[in-house]
Amino acid sequence: MRTNESLISLIFGVLSLIAWWFPSIDLNIKLGISGIAVISIAFILFKNKLSYFFRKNWQLLISITLLISFFLIFKNAYPELLLPGILILLASISITLLLIFKYRQPVTYRTKELIQKFVMNSLWKLNHWESNCARLENNKIIFSGTSAPQGTDGAHHDYLNHLEIGSTYEISCYVKSANNTTGKFQLWCHDKISEPNGVSVATEFKTPSTKEQIVSLIFKAEFNESIRIHLQYTPGKGQIEVSYVFIYKLSV
């Protein structure tokens, strides 16, 4: 069991002991809180052996049982202070969430400068892995088809000798899918064009919204001044279209 999970289990144990400390709390309530604590600790210990639903949502379920235990103790030990206690608890939860959001959010960049806009034209190499999934149509790259020789395919464009080594860039594209599309899209960028190389960043394969959306990633030019931009497609029903690709230079 990891340190965080051990700490949560310890908290449940302490709550159970605290409930027995107060003579004003009814015996049945004490037994109920102890039962919740035992079940929660067992759940934490053996969660990996449970179904997918419990493994995916165990933090939410444990949080609910923790709140129930706190409520029962406070309501029965300090009934006249229940409302202030709830307010303090809500404030504590809010502060914790804000701190988590603060330190887990992506880096906020001071400036964002557009350095290149790519239209969809013949300069893009289509079907680089020998499928026929990609085609040019009305200044867009359209992806469709239910199979590809290598399972996925796409189009790419090389932007050579224009980046600054050590600088950070955002690569974005406008993407949308037709209704009932099951094919998936990925934006993938790397510098494996000329030596030296070593940077490769990609988004997850996802089916875009039927309303045009932006898919983007952050790319740092660490080894050379070039980048290859891949628009990747996993075959499926329907179609996905890409209209523009942008490169922005970012600075903190």
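The values are calculated or read from the model by the stated rules, or taken from the named source; none is laboratory data. Being a predicted model, the structure only gives us computed values, none of them experimental. When we count neighbours, we look across all protein chains shown, and the Cβ atoms used for this are built from the backbone with ideal geometry, even at glycine. To get the accessible areas, we keep the full protein, side chains included, count just its heavy atoms, and leave off ligands, DNA and RNA. Shrake-Rupley method; radii C 1.70, N 1.55, O 1.52, S 1.80 Å.
Just name the residue that is farthest from the chain's Cα centre (by Cα) out of those in the range 138-167 that are under 30 Å from LYS249 (Cβ atoms) and among the aliphatic types (A, V, I, L, M). Once the filter is applied, the top-ranked residue is LEU160.
For LEU99, the conditions (1) surrounded by 14 or more Cβ atoms within 10 Å (Cβ to Cβ); (2) modelled with pLDDT under 85; (3) within 31 Å of the chain's Cα centre (by Cα) all hold with the exception of (1).
Entry remark, the range 115-155: residues being of a type in the set (D, E, K, R) and either open to solvent by less than 30 Å² (accessible area, probe 1.4 Å) or more than 22 Å from THR210 (Cβ to Cβ) (or both) number 4 in total. Regarding the range 34-46, can at least one residue be identified that is outside any strand (DSSP E or B), of a type in the set (S, T, N, Q) and surrounded by 11 or more Cβ atoms within 10 Å (Cβ to Cβ)? Yes: one or more hits. Evaluate the range 21-33: report whether one residue or more is surrounded by 13 or more Cβ atoms within 10 Å (Cβ to Cβ), among the aromatic types (Phe, Trp, Tyr) and without any contact (Cβ under 8 Å) to a residue 40 or more places away in the chain. Scanning the range 21-33 turns up no residue that is surrounded by 13 or more Cβ atoms within 10 Å (Cβ to Cβ), among the aromatic types (Phe, Trp, Tyr) and without any contact (Cβ under 8 Å) to a residue 40 or more places away in the chain. Where strands (runs of 3 or more DSSP E) fall wholly inside the range 171-240, the ranges with 1 or more residues that are modelled with pLDDT of 95 or more, open to solvent by less than 50 Å² (accessible area, probe 1.4 Å) and touching a Pro at 6+ places or on another chain (Cβ under 6 Å) are 184-190.
Cβ-Cβ distances below 6 Å connect the following pairs, each with a first residue in the range 210-226 that is of a type in the set (Phe, Trp, Tyr), a second residue that is exposed (fewer than 15 other Cβ atoms within 10 Å of the Cβ) and in a loop (DSSP other than H, G, I, E, B), and a separation of six or more residues or different chains: PHE223/PRO196; PHE223/GLY198.
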